[in-house]
1. When both residues are 6+ apart or on different chains and their Cβ atoms are under 8 Å apart, which pairs have a first residue that lies in region 224-241 and is at negative phi and open to solvent by 40 Å² or more (accessible area, probe 1.4 Å), and a second that is assigned to a helix (DSSP H, G or I) and aliphatic (A, V, I, L, M)?
2. Could you run through region 257-274 and say how many residues are of a type outside the set (Phe, Trp, Tyr) and open to solvent by 40 Å² or more (accessible area, probe 1.4 Å)?
3. Can you tell me how many residues in region 262-287 are without any contact (Cβ under 8 Å) to a residue 40 or more places away in the chain and not hydroxyl-bearing (Ser, Thr, Tyr)?
4. Across region 87-109, which residue is modelled with the highest pLDDT among those that are open to solvent by less than 20 Å² (accessible area, probe 1.4 Å) and among the hydroxyl-bearing types (Ser, Thr, Tyr)?
5. Give region 8-31 a look and list any residue that's basic (Lys, Arg) and either open to solvent by less than 50 Å² (accessible area, probe 1.4 Å) or modelled with pLDDT of 95 or more (or both), or say none.
6. Are there any strands (runs of 3 or more DSSP E) wholly within region 56-155 with 2 or more residues that are at negative phi and in contact with a Pro (Cβ under 8 Å, 6 or more places away or on another chain), and if so which?
7. May I ask you to say which residue of Leu127, Leu113 is at pLDDT 95 or above and in contact with a helix residue (DSSP H, G or I) (Cβ under 9 Å, 6 or more places away or on another chain)?
Amino acid sequence: MNENEQTRPLLRIATRSSALAMWQANHVRNLMADACPSTTFTLVQVSTIGDRDRQSRLADFGGQGVFTKEVQAALLDGRADIAVHSLKDLPTVPVSGLMLAGTPSRASQLDVLVLPEGRQIQSLDELPEGASVATGSLRRQAQLLHVRPDLRFVPVRGNVETRLQKLDDGEFDALVLAAAGLDRLEHSQRISLALQPPNMLPAVGQGALGLECRADHTEAEAVVTAITDFINWSEVRAERSCLRKLQAGCHAPVGVYSSWGESLAKLTLDAVVLSSDGRQRLHVAVHGPADDPETLGSTAAEQLLALGAGPLLEAQ
């Protein structure tokens, strides 16, 4: 570090240490360095319980915050100033002393189906009867069962490369992943089928990075604001408001999809809640002003609850 760098302000960015998390943190660091060239940014790697235990089901050790609690602890105890989260993993219940300050431009919201290397299909109908599909997500499982009740599901954990290797080794017939992770790790060529709405609605915040800081850290908040994409920020605030109002967790069978009409003044939020077996599916679509996304998300949740979403969520 040269003399100029030693005298520049320093902001430390907390991240998980997986390959995908490190890509995301480096991406954010580069954006911040471009936006704030007078500040130095370094990474602080944090090990989470979700990373250390790759065998247990997420629900077995709480599900909520298994990839975020230790990263948030690094903010609270002063080891870091800004945290980078995969926003779909970040619980909607706020942590005292912390604030979700913004999000950079979002990648694809979509889930995708991956088949053994070299195989492509045009629709889910082309999967063979009783095909085994690997996913640890109840949301994905329930939505796939709604359209293909014959499918069998295999739980899977581990990083993207590990899951792809298990697929290619024949442990299951197909694998469901987020398009964003494959794109970021340069595995886009492995996508066999994009799972589009209305059959598959993504997780809340999928494809977006959540940037969190201490509520009293004005310098960190200003840097996050400098790289925030305010169109995507409206989307994720609406989505998270819906999930929070439903009092559902990140791993509940809840899907959302944000879209825009001809005008960026109006935001549309599609939302679904399903039974775990996929037989019951409740869907609403709400439209509202983009400058009040929390109300839009809350309205979607209220409509779902009026349709009977509460008992479906309680049964999980």
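1. Note: pairs meeting the criteria are Ala226/Met32; Ala226/Ala35.
2. Of the residues in region 257-274, 6 are of a type outside the set (Phe, Trp, Tyr) and open to solvent by 40 Å² or more (accessible area, probe 1.4 Å).
3. Of the residues in region 262-287, 12 are without any contact (Cβ under 8 Å) to a residue 40 or more places away in the chain and not hydroxyl-bearing (Ser, Thr, Tyr).
4. Applying the filter and picking the extreme gives Thr103.
5. The answer is Arg12, Arg16, Arg29.
6. none
7. Leu113
The values are calculated or read from the model by the stated rules, or taken from the named source; none is laboratory data. Keep in mind that this is a model prediction, so the values were computed, not measured. All Cβ positions, even for glycine, are placed from backbone atoms using ideal geometry, and neighbour counts span all protein chains on display. These area figures cover heavy atoms from the full protein model, side chains too; ligands, DNA and RNA do not enter into them. Shrake-Rupley method; radii C 1.70, N 1.55, O 1.52, S 1.80 Å.
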